[in-house]
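The values are calculated or read from the model by the stated rules, or taken from the named source; none is laboratory data. Just so it is clear, the structure is predicted and the values come from calculations on it, not from any experiment. Cβ: placed from backbone, ideal geometry, glycine included. Neighbour counts: every protein chain shown. Surface accessibility is based on the protein's heavy atoms, side chains included, excluding ligands, DNA and RNA. Shrake-Rupley method; radii C 1.70, N 1.55, O 1.52, S 1.80 Å.
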Amino acid sequence: AVEGYVITIYVAEIINFLLSFRKLAHSSQMRFGFGKNFLKPLICSVLACLFLKKLPEIFPVYSVGVIITLILGVLLYLFFLKICKGITREDTAWFLSLVTPKKKKGADL
(Lines give C-alpha, C1' and ligand atoms only; values in the text may rest on other atoms or scores of the structure.)
Protein backbone atom coordinates (compact mmCIF):
# COMPACT_ATOMS: atom_id res chain seq x y z
CA ALA A 1 0.00 0.00 0.00
CA VAL A 2 2.83 2.42 0.85
CA GLU A 3 4.68 1.60 -2.36
CA GLY A 4 1.60 2.48 -4.42
CA TYR A 5 1.26 5.79 -2.58
CA VAL A 6 4.92 6.67 -3.22
CA ILE A 7 4.60 5.76 -6.91
CA THR A 8 1.45 7.89 -7.18
CA ILE A 9 3.25 10.86 -5.63
CA TYR A 10 6.20 10.47 -8.04
CA VAL A 11 3.97 10.19 -11.10
CA ALA A 12 1.83 13.17 -10.02
CA GLU A 13 4.92 15.33 -9.41
CA ILE A 14 6.43 14.40 -12.78
CA ILE A 15 3.18 15.23 -14.59
CA ASN A 16 2.87 18.48 -12.62
CA PHE A 17 6.45 19.46 -13.53
CA LEU A 18 5.97 18.69 -17.22
CA LEU A 19 2.72 20.64 -17.47
CA SER A 20 4.12 23.60 -15.52
CA PHE A 21 7.29 23.62 -17.61
CA ARG A 22 5.25 23.51 -20.81
CA LYS A 23 3.12 26.42 -19.67
CA LEU A 24 6.19 28.44 -18.62
CA ALA A 25 7.97 27.74 -21.91
CA HIS A 26 4.87 28.71 -23.88
CA SER A 27 4.15 31.93 -21.98
CA SER A 28 7.77 33.10 -21.99
CA GLN A 29 8.37 31.89 -25.55
CA MET A 30 11.49 30.10 -24.31
CA ARG A 31 13.29 27.77 -26.68
CA PHE A 32 14.38 24.50 -25.10
CA GLY A 33 17.12 22.56 -26.86
CA PHE A 34 17.22 18.96 -25.68
CA GLY A 35 20.95 18.56 -26.27
CA LYS A 36 22.12 21.87 -24.82
CA ASN A 37 19.63 22.21 -21.98
CA PHE A 38 19.26 18.59 -20.90
CA LEU A 39 21.73 16.13 -22.37
CA LYS A 40 24.98 18.11 -21.92
CA PRO A 41 24.31 19.01 -18.27
CA LEU A 42 23.28 15.42 -17.53
CA ILE A 43 26.45 13.97 -19.05
CA CYS A 44 28.65 16.55 -17.31
CA SER A 45 27.07 15.88 -13.91
CA VAL A 46 27.50 12.13 -14.37
CA LEU A 47 31.17 12.64 -15.32
CA ALA A 48 31.76 14.86 -12.27
CA CYS A 49 30.12 12.28 -9.98
CA LEU A 50 32.16 9.44 -11.49
CA PHE A 51 35.37 11.42 -11.00
CA LEU A 52 34.46 12.20 -7.37
CA LYS A 53 33.70 8.51 -6.81
CA LYS A 54 37.16 7.54 -8.15
CA LEU A 55 38.93 10.29 -6.19
CA PRO A 56 39.79 8.09 -3.15
CA GLU A 57 41.53 5.62 -5.49
CA ILE A 58 43.56 8.42 -7.08
CA PHE A 59 44.45 10.09 -3.77
CA PRO A 60 44.62 7.30 -1.15
CA VAL A 61 44.89 9.74 1.76
CA TYR A 62 41.66 11.37 0.76
CA SER A 63 40.15 12.72 3.95
CA VAL A 64 38.55 15.89 2.69
CA GLY A 65 35.37 17.23 4.25
CA VAL A 66 31.94 17.32 2.70
CA ILE A 67 32.06 21.03 1.91
CA ILE A 68 35.32 20.71 -0.04
CA THR A 69 33.93 17.67 -1.88
CA LEU A 70 30.83 19.65 -2.86
CA ILE A 71 32.92 22.58 -4.05
CA LEU A 72 35.15 20.22 -6.04
CA GLY A 73 32.05 18.57 -7.55
CA VAL A 74 30.63 21.92 -8.67
CA LEU A 75 33.97 22.96 -10.14
CA LEU A 76 34.29 19.65 -11.99
CA TYR A 77 30.75 20.00 -13.32
CA LEU A 78 31.46 23.52 -14.59
CA PHE A 79 34.77 22.35 -16.08
CA PHE A 80 33.12 19.51 -18.01
CA LEU A 81 30.30 21.83 -19.08
CA LYS A 82 32.83 24.34 -20.40
CA ILE A 83 34.71 21.60 -22.29
CA CYS A 84 31.58 20.37 -24.07
CA LYS A 85 30.56 23.97 -24.86
CA GLY A 86 27.55 23.89 -22.56
CA ILE A 87 28.63 27.28 -21.20
CA THR A 88 29.02 30.06 -23.74
CA ARG A 89 30.90 33.35 -23.49
CA GLU A 90 27.57 35.09 -23.03
CA ASP A 91 26.80 32.84 -20.05
CA THR A 92 30.19 33.65 -18.51
CA ALA A 93 29.73 37.39 -19.11
CA TRP A 94 26.25 37.27 -17.56
CA PHE A 95 27.55 35.47 -14.47
CA LEU A 96 30.47 37.88 -14.08
CA SER A 97 28.06 40.80 -14.32
CA LEU A 98 26.19 39.35 -11.35
CA VAL A 99 29.21 38.88 -9.10
CA THR A 100 31.32 41.93 -9.94
CA PRO A 101 30.52 45.19 -8.19
CA LYS A 102 29.04 47.87 -10.37
CA LYS A 103 30.84 51.20 -10.56
CA LYS A 104 28.79 54.19 -9.48
CA LYS A 105 28.43 57.03 -11.92
CA GLY A 106 29.61 60.41 -10.74
CA ALA A 107 32.56 61.80 -8.90
CA ASP A 108 34.48 59.66 -6.43
CA LEU A 109 35.10 61.21 -3.04
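Could you grab me the full set of residues in the stretch 12-58 that are assigned to a helix (DSSP H, G or I) and of a type in the set (Lys, Arg)?
Listed by number, the residues that qualify are 22, 23, 36, 40, 53, 54.
Among residues belonging to the stretch 1-60 that are small (Gly, Ala, Ser) and more than 20 Å from residue 80 (Cα to Cα), point out the one that is most open to solvent (accessible area, probe 1.4 Å).
Within the stretch 1-60, the match that is most open to solvent (accessible area, probe 1.4 Å) is 1.
Given the criteria surrounded by 10 or more Cβ atoms within 10 Å (Cβ to Cβ) and either touching a Lys or Arg at 6+ places or on another chain (Cβ under 8 Å) or modelled with pLDDT under 90 (or both), does residue 96 qualify?
In short, no.
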